[in-house]
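Participant: Take this structure first; my questions come after.
The values are calculated or read from the model by the stated rules, or taken from the named source; none is laboratory data. Only a predicted model underlies this, so the values are computations on that prediction, with no experimental measurement involved. Every residue, glycine among them, receives a Cβ derived from its backbone with ideal geometry; neighbour counts consider all protein chains shown. Ligands, DNA and RNA are excluded from the accessible area calculation, which covers all protein heavy atoms including side chains. Shrake-Rupley method; radii C 1.70, N 1.55, O 1.52, S 1.80 Å.
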Amino acid sequence: MLALLTAALLSPQADTTALRVYSYWRDPDVTNVVALVSIPLADLSYGDDDGSSRVARYEISLRVRDDAENVLLDESWGNRVRVGMGDIPASSRAVENVSFDLRPGTYTVAFEVTDSISGQVSVLEREIEASADRPLMGSVMLAHSIEPATEGEPVPAGALVRNGYVISPDVEGRTNAEGATIRLYTEVYPPESASEEDAATVQVVLTPESNPQAAQVAPPIRKRYPAGGGLEIVNMPLDGIEPGAYRVALSVAFEDTSMVAENRLVVEPPTTAVSPTGTPAQRLFAGLNEAQLDSLWERSQLISVSRERRHYEGLSADGKRNFLEDFWARRDPIAGGANEAYQEFRERVEYANAEFDFAGNAGEGWSTARGRVWILRGAPFERIQRRTRPDPLDDDRARAAEHYYEIWRYAGGRNDIFIFFDQTGWQNFHQVFSTDPEEVTQPGWEGLFPREDLRFLEDVVGVRADNASRARARDF
């Protein structure tokens, strides 16, 4: 998903920035923390972008302190959001997430969210107790969707990848009565006394806050978990549920011990759906023929998922047009008016075509390695363009020649780094390394770089080459 669209509609209806912290266990005594910050778009200040849309920017800083006030983690990053000229619904929010590990102890997690235009600062703090004792269960996270991760597919804005699943968190805990579903994610760590044959009893209880006597108890299930811990994912439809506030309790019970975790869920009255396609005159792609639709889809596939790609094949021209209207309507951060998601996508494609074309590939910059990452993630926080420093003693001709390469840094989340290398000398850059585990890293990529460039990548950029590559560099 486009990095700009961290403003994806992830539920809510609150008027303040929210912080949620979730904790999970890692043997032998590590607590893995996932922190989510949810920012109401209506609270941000906007500047006029092009007469049809507005842009807001914000900066986030994160500090983790121990009980002696030592700063253990200090990170910052920025993002921007583009919206139309109309009113911004209260349900539109930007969601940022970050993950880090803690040893046993007491810590303070502090976020500052700064509106870059108004200068207004929101401060959010949470104290965390990282225990040395193995829990029975990690935090329970409410989610809008929990889907198996597919290699090579982009992660939707505001979502996180955990243990092979893409989770779009429901930070505010709100759902619509029409098609309501409870989706929960947690991790279960069987007690050391449990054998591999011992099963736990897992159950969900939904209790109306206005009438606790009317609790709805789901049928219990029996489940075995690996000794080192396993996932518990709940996907339970709530057909016919009445609007209101509920307590959602997930209990996991072994023979000698049990644990219950609760979340609050607000079920809102059904709303009248607004057709994403509108009248023919309002539709984005009404004037495109089938060849143009296919060309658009070829580019749009960069932000699609596998089920969407399978669905497009075999459609008629009108079917493709309707599919693309729906495809982009679902990615519009604010329904109604201009589709900011599609507008941002077009601008990124145009920039990629202008910036990343190479000989014999005119107009196809979007399909290059750099163009793809630019379209998916937007402009990097830092873009370093360099030439290799060949060593005359290097007997590898390819490495002894001069080559161009680029390092792109992205702020936020994992603070990912990408390295692109032009091996041919024709500005045809290939992606050879990324810190994102879902992205391509070329095996043996270090062998492309002479000694001085490996040192630069290690000392300045922070990318570590493997031991064999470092040994080779020292041998020159």
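Participant: Just the accessible area per residue of the chain, please: how many Å² with a 1.4 Å probe?
Facilitator: 48 Å²
Participant: If you don't mind, another one. Accessible surface of Trp374 in the full protein assembly, 1.4 angstrom probe, to the nearest 10 Å²?
Facilitator: Accessible area of Trp374: about 30 Å².
Participant: So for each of 448-455, 436-443, 103-110 I average, over its residues, the number of other beta carbons within 10 Å; can you give me the resulting order with the highest mean first? Don't skip to the answer; put the middle values down first.
Facilitator: Details: 448-455: 20.0, 436-443: 13.6, 103-110: 15.8.
Averaged packing, sorted descending, gives the order 448-455, 103-110, 436-443.
Participant: Let me ask something else. Normalised by the residues of the chain, what does the relative contact order come to in percent, with Cα pairs under 8 Å and at least six apart? Kindly include the intermediate steps, with their values, before the conclusion.
Facilitator: On the way: 993 pairs, mean separation 60.0, N = 476.
It comes to 13 percent, rounded to a whole number.
Participant: Something else about it: How do Ser53, Ser131 rank by accessible surface area computed with a 1.4 Å probe, from largest to smallest?
Facilitator: Ser131, Ser53
Participant: Next question. Using amide H atoms built 1.01 Å from N in the peptide plane, name the residues 5+ places from Ala94, or on other chains, whose amide H lies under 5 Å from its own.
Facilitator: Ile39, Leu41
Participant: Taking the Cβ-Cβ separation of Asp318 and Glu242 as r and a Förster radius of 35 Å, what is the calculated FRET efficiency to the nearest 0.05?
Facilitator: E between Asp318 and Glu242, to the nearest 0.05, is 0.30.
Participant: Still on this structure: Could I have the simple spin-label model distance between Arg386 and Ser131, label points 7 Å from Cα toward Cβ, reported in nm to one decimal?
Facilitator: 4.7 nm
Participant: Would you kindly find the accessible area of Glu262, with a 1.4 Å probe and non-protein molecules such as ligands, DNA and RNA excluded, rounding to the nearest 10 Å²?
Facilitator: 110 Å²
Participant: Which whole-number percentage describes the relative contact order of region 130-280, with Cα contacts under 8 Å and a sequence gap of 6 or more?
Facilitator: Taking the mean separation of contacting Cα pairs over the length of region 130-280, I get 27 percent.
Participant: As a check on your grasp of the helix formula, calculate [θ] at 222 nm for the chain: sum -39500 (n - 2.57) over DSSP H runs of n ≥ 4, divide by the residue count, round to the nearest 500.
Facilitator: -4500 deg cm²/dmol
Participant: I'd like the accessible area for Arg383: 1.4 Å probe, protein heavy atoms, all chains in place, Å² to the nearest 10.
Facilitator: Here the residue's solvent-accessible area equals roughly 70 Å².
Participant: Run the accessible area of the chain with a 1.4 Å probe and give the carbon-and-sulfur part as a rounded percent. If you can, show how the numbers build up before the last one.
Facilitator: Working: 10700 of 22950 Å².
That share works out to 47 percent.
Participant: Give, as a single signed number, the net charge of other residues whose beta carbon lies under 14 Å from the beta carbon of Ser23, with Lys and Arg counted +1 and Asp and Glu -1.
Facilitator: 0
Participant: Hey, another quick one. Taking Rg and Dmax of the Cα atoms in Å straight from the coordinates, which label in [x] 24.3, 92; [y] 24.8, 82; [z] 20.9, 64 is the correct one?
Facilitator: The value computed from this structure is option [y].
Participant: Mind listing which GluC sites (Glu not before Pro) in region 27-102 are in a DSSP loop and have 15 or fewer other Cβ atoms within 10 Å?
Facilitator: Glu69
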